[in-house]
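The values are calculated or read from the model by the stated rules, or taken from the named source; none is laboratory data. The shown structure was predicted, so the numbers you read here are calculated from the model rather than taken from an experiment. Every residue, glycine among them, receives a Cβ derived from its backbone with ideal geometry; neighbour counts consider all protein chains shown.
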């Protein structure tokens, strides 16, 4: 009597649930992922935001004027970087500032870099004229001197942008 | 990743012999190799998982008074001044009292107590030195914001249901910094 040899079949694992979950996660991450905008890509500085306790108010995704104050990674220099979030507003602001002879301006500039409060005021004013619904946000590095913030606040106060936001990170 | 690996070619082979005579082939359900699809899916999944940052910035709303010609007059006894010195130390004083150093936790208690005692008439004025780091300023500002729920509770306990918030950020002048310089 010869034994009938069982044919060895490699064990089978049902991959369907795994693939289901993978697709689910993939779609989730694909939809939540946000990529850096063009203007953020050009930045040569990184902002370490100040930490504040948990707040549910999020930064609006349109009709926003951001005044960024960062420390340049190369030469430790600080300046105001003013930009508008809406594409059309940005183009309009660029056109207006070309007429005003903004120093070092190039066509289709995404952010206006200045250290001068007079130019900052002028940018705030033009931004408000272009988009009256625009909100202002100050996104500054926590290591910079308070004088920078005070100047920005004064510029906005003078141009009647009396409500604005400080961009912060969650406190750990 | 062997999505449907062993199934590959499963339907293609036929037994030689009897089957050759038959005209009707045995129908095997059509099979698709899922391996490359799953490979790519995993690749994309890992990419998106690694690139997504879940921390989104939040905001802190500020209101500043418009640049008016006529200054608003306030009673000095109702003015609570909070000053932040160059080195980040915080001082407070009521009206014309001498400034006292406080920690942020103590400041919380002081602001809540004064607001409740003065029944909405207290005005908190925050002054920060130009050299103070912005991060420190935000910490103090955040602490003042955090007082609000406690103030509202305190006022309710005293039978006042309305909360009128009086808070301002004022510039720090030479006199201000001199007063707290040696403390």
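Give the number of residues within segment A:95-125 that are surrounded by fewer than 19 Cβ atoms within 10 Å (Cβ to Cβ), more than 14 Å from chain B (Cβ to nearest Cβ) and over 19 Å from the mean Cα position of the chain (by Cα).
14
For residue A:81, which of the numbered conditions (1) under 14 Å from the mean Cα position of the chain (by Cα); (2) more than 14 Å from every other protein chain (Cβ to nearest Cβ); (3) at pLDDT below 85 fails to hold?
(3)
Residues to consider are B:130, B:145; find the one that is within 14 Å of chain A (Cβ to nearest Cβ) and assigned to a loop (DSSP other than H, G, I, E, B).
One residue alone meets the criteria, B:130.
Checking the condition closer than 12 Å to residue B:79 by Cα, at pLDDT below 90 and in contact with a strand residue (DSSP E or B) (Cβ under 6 Å, 6 or more places away or on another chain), which residue from B:93, B:115 passes?
B:93
Test each condition in (1) away from chain A (no Cβ under 11 Å); (2) loosely packed, with under 15 Cβ neighbours inside 10 Å; (3) modelled with pLDDT under 85 for residue B:167 and report the one that comes out false.
(2)
Quick one: how many residues across segment B:148-164 are touching a helix residue (DSSP H, G or I) at 6+ places or on another chain (Cβ under 6 Å) and within 12 Å of chain A (Cβ to nearest Cβ)?
Selection size over segment B:148-164: 0.
So which residues in segment A:157-172 are touching a helix residue (DSSP H, G or I) at 6+ places or on another chain (Cβ under 9 Å), over 19 Å from residue A:52 (Cα atoms) and within 7 Å of chain B (Cβ to nearest Cβ)?
A:158, A:160, A:162
Being closer than 18 Å to residue A:78 by Cβ, in a loop (DSSP other than H, G, I, E, B) and within 8 Å of another protein chain (Cβ to nearest Cβ) is the requirement here; does residue A:143 meet it?
For residue A:143, the condition - closer than 18 Å to residue A:78 by Cβ, in a loop (DSSP other than H, G, I, E, B) and within 8 Å of another protein chain (Cβ to nearest Cβ) - is met.
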